[in-house]
There are 2 protein chains.
Amino acid sequence: MSFRFEIEAREDKARAGRFFTPHGEVQTPVFMPVGTVATVKGVPQDVLEELGVQILLNNTYHLYLRPGVEMVRKLGGVQKFMAWDHPILTDSGGFQVFSLSDLRKVTEEGVMFRSHLDGSSHFFSPESAIAAQIGLGADIIMAFDECTEHPAEYARTQRSMEMTLRWAERSKKYFEEHKHEVPWFRGLKPAGHSGEVRDSAAEAAPLRSQLPRPSPKEGLEPGTLESDDSSGSFPREKSSLTQAEGQTQTLFGIVQGGMFPDLRRESAQRTVELDFPGYAIGGLSVGEPRPMTYEMVDNAIRYLPEDKPRYLMGVGTPEEIVHYVAQGVDMMDCVLPTRAARHGLLFTSEGRITIKNARFAADEGPLDPACGCKVCARYSRAYLRHLYSSNELLAQVLNTVHNLAYYLDTMRKVRQAIQLRKFASFLAGVRPPHRVSESTLSRHGSESPEI
Amino acid sequence: MSFRFEIEAREDKARAGRFFTPHGEVQTPVFMPVGTVATVKGVPQDVLEELGVQILLNNTYHLYLRPGVEMVRKLGGVQKFMAWDHPILTDSGGFQVFSLSDLRKVTEEGVMFRSHLDGSSHFFSPESAIAAQIGLGADIIMAFDECTEHPAEYARTQRSMEMTLRWAERSKKYFEEHKHEVPWFRGLKPAGHSGEVRDSAAEAAPLRSQLPRPSPKEGLEPGTLESDDSSGSFPREKSSLTQAEGQTQTLFGIVQGGMFPDLRRESAQRTVELDFPGYAIGGLSVGEPRPMTYEMVDNAIRYLPEDKPRYLMGVGTPEEIVHYVAQGVDMMDCVLPTRAARHGLLFTSEGRITIKNARFAADEGPLDPACGCKVCARYSRAYLRHLYSSNELLAQVLNTVHNLAYYLDTMRKVRQAIQLRKFASFLAGVRPPHRVSESTLSRHGSESPEI
């Protein structure tokens, strides 16, 4: 298997664990910062590492348009392209096609859309969206889905959900037939063995001459790699991890079903029948009231298998992500910490701060006295306020670093609390989730180019 | 003395040495990056430290307008304000008043000008410009001068030079009477003793009760601090360094004289008569051909004292700064590395690179194979090109880090070459200085707000 998920601790519905990908291990629950065009806006990769970012989300739609899938493939995949030797997840492009593209035409076959960059015409089908994601080479990729608009009638939502299910099947079929085309197919580190050097001999050898690996680590038995040209898949003799087994991507399915509990249930059940190694819940946080989001999450998760990760797409505030963990969510992504930072909205242990506020002009204290990030350790609110008021680049850099630190610290505490079976009291201490003023902040899924 | 300059090695006219300020030591020749509003655009202070930045330039005009001198004073001075516990130099504001202000009216008394931010009216005299610089609290501050426009007639240049000389005298007089008003006046580290902790007892004690320091380091004798209310200056019993001696700023004079060798000579000689601890050469690199710049530098430097630092303001390309060192210059500043970076123009050991060029789209190599900076160590030209083409914040951050590394490495090599008496051969290996295409880059002195 290219992917393995282990649950290490549970408390009520919340779980703490880890999953293994070809580019390393990820502890869950995990928050994934959004690096739309293979960069978290303004933050160098070494700073992301210092922050403890475990996995990034890149947007397929944006990278498909620029620099293009073939370019990224040629450069070794998105990890090598952006010099991030850690896990990456790409979305399917569906959400951006629906939210960013000026003109689009949806048929059973796929979606015709126009680039938001230059108006050029493009077509995404489940097959071409998966092909793009294989070319980009993220560790986890997503089935092509239709993100049902909100609000939507029942019949419309049901038709959309049915199409997403058919697209999920096509996505999976294309992926199974082509997954060996991922740019880093040969000679990668095995899953869960970060730090193991690449086997350059294996890299040079033709695939079908590859032999079972000697000397597996941690007592795992080597498997036998048998190339099967007819299917492109690699049957394994044993289910244990082998060097060969970290070599392909992992495809997640996506649950849709709008704001209807029975459709969420049906979407979850039928997506699970298709058998994915992980399941996302999409189409939420699209404008609905938060209690409805919780209800829909619950109506999906209760039908998802216990032993597979659940990924809630495009959420949320620092308080909300804790509550989603309580519902059994393992993975989340959101542009909120990064986009809010660029708008001067900062998350702190004392609540939200709008840094341009004049009351911070002479404030010598740190942004968040309880935060250990390099921004809070060095700079005053007065200085951060000055940078933001002066429209300085460094404001966006420092604000983003802090907000990411806040999200990542939150998830670190969440993981620790679950492991210590103290999550219930941790959750009780989290302020009731409320919605920030999100006029410019609410669009999730990918970072906007304008700021 | 608050300032001490030591020459350690000479080769022909070039000198290598160091100077000591209340916030630390600086090895010369030194290039000072420009941090206009108390930030080097896009680069966090810890990265500046990693790069080996020794001293920053801040622009008085900009900080005077925003956040304002009183705010910076209240926050402890610009070093504390921007969390940069190292030397800072501020310019006098004169250059910006002349280059950025829409309306200005110059009289013997000073300059009436309008803010480029909001059109509000302000007045800088030698006295108020020095008062502003004392309030900001940089380690080295500059006399208020008129930067003569180019081209200018002889008579006009002479009149301007004469006024600058009168303004220099007024600047010095005001400084001597008010230098103890610097925000960090009490309890600072002594010059040249970076790492020594502040004496909080001394900070708390009224000035006139301060006693001679016990236990001086490195065999230096303690001096006696005698407060003298009538002059604000502090006579010392001995000329050795004491804790008290790092407590005021240092005021440099500025040589003007336009493009006339005899006026440069006269300006230098008469500025030296006013007796400053360091001398700047201003009014150059303002559009004149480069050979004329060299001629003017030479006509100033030959009349400046050997034992005082010479600061050539607002220069230059990487090749030029080496040639200015050969003329005997010890300090330089320029927006070129930072501004060029934000326009995608990168300096490398293989020449200039315009990173948006399509030929870099698939280039997996580092920006500069000979560079050890963190950008060249991690990222490919392809990725940097993608970031720039996508108008990503990270492009500006990474490009700036590299260009600063290139300038600072150049100066490091220059210092080493002089110390090893190999500067002549180093100089011979530097490409002949040529002018970059500077349509958007030529304005020096301060960073523009627009990018």
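The values are calculated or read from the model by the stated rules, or taken from the named source; none is laboratory data. Please read these numbers as outputs of a predicted model, since none were measured by experiment. A quick note on method: Cβ atoms are made from the backbone with ideal geometry, for glycine too, and the neighbour counts reach across all protein chains shown. With ligands, DNA and RNA removed, areas are computed over all heavy atoms of the protein, side chains included. Shrake-Rupley method; radii C 1.70, N 1.55, O 1.52, S 1.80 Å.
If you take the residues in segment B:90-141 that are assigned to a strand (DSSP E or B) and open to solvent by less than 10 Å² (accessible area, probe 1.4 Å), which one is nearest to B:Gly35 (Cα to Cα)?
Checked segment B:90-141; the qualifying residue nearest to B:Gly35 (Cα to Cα) is B:Thr90.
Being touching a residue at least 60 places away in the same chain (Cβ under 8 Å) and surrounded by fewer than 19 Cβ atoms within 10 Å (Cβ to Cβ) is the filter here, so list the residues in segment A:278-289 that pass it.
If the condition is that a residue be touching a residue at least 60 places away in the same chain (Cβ under 8 Å) and surrounded by fewer than 19 Cβ atoms within 10 Å (Cβ to Cβ), then A:Gly287, A:Glu288 are the ones that fit.
Being of a type in the set (Ser, Thr, Tyr) and within 14 Å of chain A (Cβ to nearest Cβ) narrows it down to one of B:Ser99, B:Ser120, B:Ser125, B:Ser115, so name that one.
Testing whether each residue is of a type in the set (Ser, Thr, Tyr) and within 14 Å of chain A (Cβ to nearest Cβ) leaves just B:Ser115.
Tell me, which residue of segment B:356-394 that is of a type in the set (D, E, K, R) and within 11 Å of chain A (Cβ to nearest Cβ) is farthest from A:Val78 (Cα to Cα)?
By that ranking, first place goes to B:Lys374.
Considering segment B:34-60 alone, what residues qualify as being over 14 Å from the mean Cα position of the chain (by Cα) and not β-branched (Val, Ile, Thr)?
Restricting attention to segment B:34-60, the residues satisfying the condition of being over 14 Å from the mean Cα position of the chain (by Cα) are B:41-52.
The answer is B:Lys41, B:Gly42, B:Pro44, B:Gln45, B:Asp46, B:Leu48, B:Glu49, B:Glu50, B:Leu51, B:Gly52.
A:Glu203 is checked against (1) among the acidic types (Asp, Glu); (2) at pLDDT 95 or above; (3) part of a helix (DSSP H, G or I) and fails just one. What number does that condition carry?
(2)
For segment B:337-371, which positions are open to solvent by less than 10 Å² (accessible area, probe 1.4 Å), in contact (Cβ under 8 Å) with a residue 60 or more places away in the chain and either aromatic (Phe, Trp, Tyr) or in a loop (DSSP other than H, G, I, E, B) (or both)?
Residue satisfying the conditions is B:Phe347 alone.
Run B:Arg166 past the list (1) in contact (Cβ under 8 Å) with a residue 60 or more places away in the chain; (2) open to solvent by 20 Å² or more (accessible area, probe 1.4 Å) and report the number of the one that doesn't hold.
So B:Arg166 meets the others, but not (1).
Quick check on this structure: which one of A:Val322, A:Val329, A:Val272, A:Val297 is crowded, with 24+ Cβ neighbours inside 10 Å, of a type outside the set (Ser, Thr, Tyr) and assigned to a helix (DSSP H, G or I)?
Of A:Val322, A:Val329, A:Val272, A:Val297, the one residue that is crowded, with 24+ Cβ neighbours inside 10 Å, of a type outside the set (Ser, Thr, Tyr) and assigned to a helix (DSSP H, G or I) is A:Val322.
In segment B:255-269, how many are under 21 Å from B:Glu320 (Cβ atoms) and either open to solvent by 10 Å² or more (accessible area, probe 1.4 Å) or touching a Ser or Thr at 6+ places or on another chain (Cβ under 7 Å) (or both)?
6
If you take the residues in segment A:300-310 that are free of Cβ contacts under 8 Å to residues at least 60 places away in the same chain and under 18 Å from A:Val30 (Cβ atoms), which one is surrounded by the most Cβ atoms within 10 Å (Cβ to Cβ)?
A:Arg310
Can you find a residue in segment A:66-89 that is in contact with a Leu (Cβ under 8 Å, 6 or more places away or on another chain), in a strand (DSSP E or B) and crowded, with 20+ Cβ neighbours inside 10 Å?
Within segment A:66-89, one or more residues are in contact with a Leu (Cβ under 8 Å, 6 or more places away or on another chain), in a strand (DSSP E or B) and crowded, with 20+ Cβ neighbours inside 10 Å.
What's the number of the condition A:Tyr379 fails, among (1) closer than 16 Å to B:Ala38 by Cβ; (2) out of contact with any Gly (no Cβ under 9 Å at 6 or more places or on another chain); (3) touching a residue at least 60 places away in the same chain (Cβ under 8 Å)?
So the condition that A:Tyr379 fails would be (3).
If you take the residues in segment B:51-64 that are more than 10 Å from chain A (Cβ to nearest Cβ) and in a helix (DSSP H, G or I), which one is most open to solvent (accessible area, probe 1.4 Å)?
B:Tyr64
Inside segment B:153-200, can you point out the residues that are at pLDDT below 95 and either at positive phi or out of contact with any helix residue (DSSP H, G or I) (no Cβ under 9 Å at 6 or more places or on another chain) (or both)?
B:Gly187, B:Gly192, B:Ser194, B:Gly195, B:Val197, B:Arg198, B:Ser200
When you scan segment A:14-37, do you find a residue that is within 10 Å of another protein chain (Cβ to nearest Cβ) and in contact with a His (Cβ under 8 Å, 6 or more places away or on another chain), even just one?
yes
Does B:Leu75 count as within 12 Å of chain A (Cβ to nearest Cβ) and closer than 17 Å to A:Asn391 by Cα? I'd like the intermediate steps shown before the answer.
Details: within 12 Å of chain A (Cβ to nearest Cβ): yes; closer than 17 Å to A:Asn391 by Cα: no.
Against the criterion (within 12 Å of chain A (Cβ to nearest Cβ) and closer than 17 Å to A:Asn391 by Cα), B:Leu75 does not qualify.
Over 15 Å from A:Glu70 (Cα atoms), part of a strand (DSSP E or B), of a type in the set (A, V, I, L, M, F, W, C) and in contact with a strand residue (DSSP E or B) (Cβ under 8 Å, 6 or more places away or on another chain): does that describe A:Phe144?
Numbers: over 15 Å from A:Glu70 (Cα atoms): yes; part of a strand (DSSP E or B): no; of a type in the set (A, V, I, L, M, F, W, C): yes; in contact with a strand residue (DSSP E or B) (Cβ under 8 Å, 6 or more places away or on another chain): yes.
No; evaluated as a whole, the condition is false for this residue.
Quickly run through segment B:392-415 and pick out the residues that are assigned to a helix (DSSP H, G or I), without any contact (Cβ under 8 Å) to a residue 24 or more places away in the chain and not hydrophobic (A, V, I, L, M, F, W, C).
Of everything in segment B:392-415, just one residue is assigned to a helix (DSSP H, G or I), without any contact (Cβ under 8 Å) to a residue 24 or more places away in the chain and not hydrophobic (A, V, I, L, M, F, W, C), namely B:Lys413.
What single numbered condition from (1) in contact (Cβ under 8 Å) with a residue 24 or more places away in the chain; (2) in contact with a helix residue (DSSP H, G or I) (Cβ under 8 Å, 6 or more places away or on another chain) fails to hold for A:Asp46?
Exception for A:Asp46: condition (1).
Which residues, counting only those in segment B:395-435, are of a type in the set (S, T, N, Q), open to solvent by 10 Å² or more (accessible area, probe 1.4 Å) and more than 14 Å from chain A (Cβ to nearest Cβ)?
B:Thr410, B:Gln416, B:Gln419, B:Ser425
Does any residue of segment B:316-331 turn out to be within 14 Å of another protein chain (Cβ to nearest Cβ), β-branched (Val, Ile, Thr) and under 30 Å from B:Pro44 (Cα atoms)?
No, the conditions are met nowhere in segment B:316-331.
Restricting attention to segment B:3-40, report how many residues are under 19 Å from B:Ala395 (Cα atoms) and either open to solvent by 10 Å² or more (accessible area, probe 1.4 Å) or assigned to a strand (DSSP E or B) (or both). So that I can check it myself, show each step before the final result.
Residues of segment B:3-40 that are under 19 Å from B:Ala395 (Cα atoms), as a first pass: B:33-35, B:39-40.
Okay, now just the ones that are also either open to solvent by 10 Å² or more (accessible area, probe 1.4 Å) or assigned to a strand (DSSP E or B) (or both), so B:33-34.
Adding up the residues that qualify gives 2.
With B:Cys376, B:Cys334 as the choices, which residue is buried (at least 20 other Cβ atoms within 10 Å of the Cβ) and more than 29 Å from B:Ile7 (Cα to Cα)?
Matching residue, one of B:Cys376, B:Cys334: B:Cys376.
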